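Student: Starting off with a structure, shown below.
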Amino acid sequence: MLKFFKQSYLGQLVAILLLLVALWIPAFVSNVSEVAVGSPTTPLYNILANIFDSSSLAMTIFTFVVFGTSVLFFNSMLSVNQLVTRNSSIGAFIFILCMCCVPIKDEYYPFLLANTLIMMAMQTIYLIYQVEKPEAYLMNSGLFIALASMFYYPSIILIIWVLLSMLIMDIRGIKHFLIPILGFLMPYFILFVYFYFNHTLIDNFNDYALAFNELGFEKLGMTTLESVALILVFVFIGLSLLMIKSGNADNSVSTRKKVHVTLWLLVFSFMMLFMHKPVVCNGLIFMVLAVFVSMALCYIKKSKIIDILLVLLMIAIVVNQYLPLLGIVI
């Protein structure tokens, strides 16, 4: 299996599409009559919720298409940045497994929609080290995080990750640090101007202030499944990092900096688990897991044991998606 996904041809794309559909069928089958409503701090998600208010199926289809696009983008991001071998589809395969390891429910949609924008910010930061004039990239990274936070509010803290990533990428100077902040503030400036002309500025400002105060750490309160998933995440990340550091993977300066940027994203993804309903709604830690596991698997030469583990993992994830249809909650 591993050897199969280390290539990228029509057969691999068909297999990835079939896996994607198989894992999303329960989301289509279990559709409720109403679309999950967002919060005052998720204006972009609220727009979609209003558009698809009469059809939760349409909302699921839209999210499925966005997620499918993010699968291709994720695979391309790893390949272009030489985090995996070129012409490989391993990134797409692992990304689907990681992001679907918990049952897909409508409360998961805001993060899934935000995740594509977070990955765009990742790709933008990865490119900073390779260009002489990074100003446009810095602006875009802040902009993407702001838009992501309008779908999934806890991702607002990732603007701090952007600033830390600039240090890793050897970007210095107050001017440079102000650029992503400006890019971050622009969508919110437009949003609050809209609130002002609709005479809802004070109410919405209070909603944002309340949401910001609620971003503090809380007890996780996870289910058994969520606890097992989180433990496995850190086990797989630890094993992947050991394999990446073993010397088989690309060890160029550029790759090391990208790995360090992603490690910092792992720190923030863990923090975000404490800021909103954990694991079920916040899948950022699974996206980071997909990066490291894809990198590690790409450089494995003896794959028989890995193939068996991947097959067992895939079966377990598929079964876990279908258990809620049988009324079984772990």
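Student: Report the charge-dipole magnitude of the chain in Debye, nearest 20, computed about the Cα centre from +1 at each Lys and Arg Cβ and -1 at each Asp and Glu Cβ.
Tutor: 1360
Student: Multiply the residue separation of residue 318 and residue 246 by 0.36 nm, subtract the distance between their alpha-carbon atoms, and state the gained length in nm to one decimal.
Tutor: That works out to 22.7 nm of additional length.
Student: Counting other beta carbons within 10 Å of each Cβ, put 231, 306 in order, fewest first.
Tutor: Fewest-to-most Cβ neighbours within 10 Å comes out as 231, 306.
Student: So what are the ³J(HN,Hα) numbers for the stretch 151-159, from phi and the Karplus equation (6.51, -1.76, 1.60; θ = phi - 60°), rounded to whole Hz, Gly and Pro as x?
Tutor: 3J(HN,Hα) across the stretch 151-159, in whole Hz: 9, 9, 4, x, 5, 4, 6, 6, 5.
Student: Then there's this: Between residue 29 and residue 130, what is the spin-label point distance in nm, taking each point 7 Å from the Cα along the Cα→C-beta axis?
Tutor: Output for this residue pair reads 4.2 nm.
Student: Between residue 299 and residue 14, how many nm apart are label points set 7 Å from Cα along the C-beta direction?
Tutor: It is 3.3 nm.
Student: Under 13 Å from a label point 7 Å along Cα→Cβ of residue 175: give me every residue in the stretch 105-143 with its amide N that close.
Tutor: The answer is 133-136, whose backbone nitrogens lie closer than 13 Å to the label point.
Student: Can you give the relative contact order of the chain as a percent, counting alpha carbon pairs under 8 Å and 6+ residues apart?
Tutor: 25
Student: Which translational diffusion coefficient, to the nearest whole µm²/s, is obtained for the stretch 2-326 from the Stokes-Einstein equation, given a Kirkwood hydrodynamic radius over C-alpha pairs, 4 °C and 1.567 mPa s?
Tutor: It diffuses with D of about 63 µm²/s by this estimate.
Readers should treat all values here as calculations from the given coordinates under stated rules, not as data from a laboratory. All values derive from a computational prediction rather than experimental measurement. Heads up, the Cβs are rebuilt from the backbone with ideal geometry, glycines too, and the neighbour counts pull from every protein chain shown.
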